[in-house]
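*Asks:* Encoded as structure tokens, here's the structure I'll be asking about.
The values are calculated or read from the model by the stated rules, or taken from the named source; none is laboratory data. Nothing here was measured: the structure is a model prediction, and the numbers come from that model. No Cβ is skipped: glycine too gets one built from the backbone with ideal geometry, and neighbour counts run over all protein chains shown. These accessible areas exclude ligands, DNA and RNA; they are computed on the full protein's heavy atoms, side chains included. Shrake-Rupley method; radii C 1.70, N 1.55, O 1.52, S 1.80 Å.
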Amino acid sequence: SQGCVDHPIVLTEAVCNPLYSRQMMSELLFECYQVPKVSYGVDSLYSFYHNRRQNWPCSGLVISSGYQCTHILPVLEGRLDAKNCKRINIGGCQAAVYLQRLLQLKYPGHFAAITLSRMEEILHEHSYIAEDYIEELQKWRSPEYYENNVHKMQLPFSNKLLGSTLTSEEKQERRQQQLRRLQELNARRREEKLQLDQERLDRLLYVQELLEDGQMDQFHKALVELNMDSAEELQSYINKLSLAVEQTKQKILQAEVNIEVDVVDSKPETPDLDPLGSEQSLEDVESINEFEPLFAEDQPEAEKPVATVQPVFNLAEYHQLFLGTERIRAPEIVFQPSLIGEDQAGIAETMQYVLERYPKEQQAILVQNVFLTGGNAMYPGLKARVQKELLEMRPFQSSFQVHLASSPILDAWYGARDWAVEHMTREEGWITRKDYEEKGGEYLKEHCASNVYVPIRLPKQAPRTTEALAPSRALTSSTGNPCEQA
């Protein structure tokens, strides 16, 4: 409503964010929203800043595992060492997709019900990270261990699919509706048949009048059109058709007086009239065939007690998901990306690779504060698994400490809030509009939770001296006029 944002902004960005991305964001904030100053920081470093304690060292190894990726960030003396940061393109999103694929293959009948959002919920509530993955899989082979640790998930389903759920009153009402529909269909079919037969009878009577009037030429021509040979055959068809019309009229009157459903034969009542071009309505025949089983089932007989239909299987149990080894297989991909076909190293291998890039003294300092943050840090057993991996890779009788964020999901926001309150009146870490106009949108002021600023270095062009220009000028003068050379 005011056309601008008149207060400072603290914004998180990715680790080693490209300068172009920061330039676009700074341009948006300063040019569009007119912010007075802005500060950029890394979310996992804000979480590390929020969880620092009095006895914690200012150096450490931050393991941040989020929704899209996982980062290993070494922090030395309170500052990020950007040269040795590593990223693994595995996070909670890939784990949810992997769990969805596992359960869809296990339960192909519930393919549509196994949605990605439901898998994320199951992943957060029922999954855990095994301290020893192979040993844990061996435990799941035991039937007793399986029965004690399997989790059963109930998918939504409807009991209306079962015939036994209908009460006797509902069945009687459905039967009455079917009878009424069949009565209306029979009445409409009789009326159509009566009208068609009456039209045929009128035509045959007209041909007979031609014979009585002595118009023999027209009479014989009409017989040929009717595919008849003699006047006797014409009279026979007239008698049969008159009888059929009378019978149909009687049925219509009887149906109006007595509310009773008559079964109408699907065959024509006067089969000998086929040469007259009689044809039945295909839609009516299909409709009758559709309702014939219903009508045959509902013949007026003595009502029998309705037997309860027992289902072949329990529908509720059919819509259950049993989570066994899937509870550990899905989150295990952050340590073994090869489970989903990714050619990457897991957290343990990447952590060892980062540590080996430092001398032994700095390695000992970093492992004294291994900090776990991010959404995947909520998995039970992650801290014990990292401790086990460190125990295997560190020298004998060496010490290390693994700390878990107090709130892995929200600590990044809390850390940004703490930093903003503490540095509100300082100039450290804030990019003002003057800095933006002088040094460009990619400019960054470093602080304890920020990236490292690496300015753009453009290659300098060599100065063009008079000596370097002389040969070219001579060449130009010598080749400029071909006529003079000739």
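*Asks:* Taking a ≥ b ≥ c as the square roots of the Cα gyration tensor eigenvalues, with a/c under 1.5 meaning rounded and otherwise prolate when a/b beats b/c, else oblate, which class fits the stretch 180-254? It would help to have the intermediate numbers written out before the result.
*Replies:* Values: a/c = 3.47, a/b = 2.93, b/c = 1.18.
Verdict is prolate for the stretch 180-254.
*Asks:* Separate question: Where in the stretch 368-429 are there chymotrypsin sites (Phe, Trp or Tyr not before Pro) that are in a DSSP coil and have at most 14 other Cβ atoms within 10 angstrom of their Cβ? Display every interim value, and only then the final one.
*Replies:* Working: sites: F371, F396, F400, W413, Y414, W419; in loops: F396, F400.
Here the chymotrypsin sites (Phe, Trp or Tyr not before Pro) that fit, given the DSSP loop and packing criteria, are F396.
*Asks:* With 25 Å as the limit, write out which pairs from K171/K249; K86/K388; K86/K445 have Cα-Cα distances beyond it, or answer none. Please list the in-between numbers first.
*Replies:* Numbers: K171/K249 34 Å; K86/K388 21 Å; K86/K445 23 Å.
Going by Cα-Cα distance, K171/K249 fall outside the 25 Å limit.
*Asks:* Sum up the charges of everything whose Cβ sits under 13 Å from the Cβ of L205, counting Lys and Arg as +1 and Asp and Glu as -1, but leave L205 out. The partial results should precede the final answer.
*Replies:* Numbers: positive: R200, R203; negative: D197, E199, D202, E209, E212, D213.
Surrounding charge for L205 is -4.
*Asks:* Under a crude label model (7 Å from the Cα following the beta-carbon direction), how far is S242 from Q176 in nanometres?
*Replies:* 4.5
*Asks:* Determine the alpha carbon to alpha carbon distance for each of K139/K383; K193/K221; K193/K240 and list only those over 24 Å.
*Replies:* On the way: K139/K383 21 Å; K193/K221 27 Å; K193/K240 14 Å.
Checking Cα-Cα distances, K193/K221 exceed 24 Å.
*Asks:* Mind listing which trypsin sites (Lys or Arg not before Pro) in the stretch 1-64 are in a DSSP loop and have 12 or fewer other Cβ atoms within 10 Å?
*Replies:* R53
*Asks:* While we're on this one: Could you tell me the center-to-center distance, by alpha carbons, between the stretch 14-37 and the stretch 75-148 in angstrom?
*Replies:* 35
*Asks:* Tell me, what ³J(HN,Hα) does each residue in the stretch 134-151 have, in order and in whole Hz, if you take phi through Karplus 6.51 cos²θ - 1.76 cosθ + 1.60 with θ = phi - 60° and put x for Gly and Pro?
*Replies:* 5, 5, 5, 5, 5, 5, 5, 6, 7, x, 5, 5, 5, 5, 7, 10, 6, 10
*Asks:* Using a Förster distance of 45 Å, how high is the FRET efficiency between W140 and V454, based on the Cβ-Cβ distance and rounded to 0.05?
*Replies:* On the way: r = 49 Å, r/R0 = 1.08.
Computed FRET efficiency for W140 and V454 comes out at 0.40.
*Asks:* Here is a follow-up. Suppose the chain between Q352 and E256 were pulled fully straight at 0.36 nm per residue; how much longer would it get relative to their current alpha carbon spacing? Intermediate values should be presented prior to the final figure.
*Replies:* Values: separation 96, 0.36 × 96 = 34.56 nm, distance 9.30 nm.
Extra length available between Q352 and E256 comes to 25.3 nm.
*Asks:* What is the extension gain from E317 to I409, computed as 0.36 nm multiplied by their sequence separation minus the C-alpha to C-alpha distance, in nm to one decimal?
*Replies:* Working: separation 92, 0.36 × 92 = 33.12 nm, distance 3.55 nm.
Computed gain between E317 and I409 is 29.6 nm.
*Asks:* Using 0.36 nm per residue, how much length does the chain from E233 to H151 gain when fully extended, once their Cα-Cα distance is taken away?
*Replies:* Working: separation 82, 0.36 × 82 = 29.52 nm, distance 8.33 nm.
Gain in length upon complete extension: 21.2 nm.
*Asks:* Please work out the average accessible area per residue across the stretch 173-257, using the 1.4 Å probe convention, and give it in Å².
*Replies:* Details: 5720 Å² over 85 residues.
Averaged over the residues of the stretch 173-257, the accessible area is 67 Å².
*Asks:* Right, here's the next one. Using the Karplus curve 6.51 cos²θ - 1.76 cosθ + 1.60 with θ = phi - 60°, what ³J(HN,Hα) values do you get for each residue of the stretch 417-425, in whole Hz, with x for Gly and Pro?
*Replies:* Couplings: 5, 4, 5, 5, 5, 6, 10, 5, 9 Hz.
*Asks:* Next up: Would you please name the GluC sites (Glu not before Pro) within the stretch 327-384 that are DSSP coil residues with at most 13 other C-beta atoms within 10 Å of their C-beta?
*Replies:* Working: sites: E332, E342, E349, E356, E361; in loops: E342, E356.
Those satisfying the criteria are E356.
*Asks:* Quick one: with all protein chains in place, what share of the accessible area of the stretch 62-218 is carbon or sulfur, to the nearest percent (1.4 Å probe)?
*Replies:* Working: 4700 of 9520 Å².
Answer for the stretch 62-218: carbon and sulfur cover 49 percent of the accessible area.
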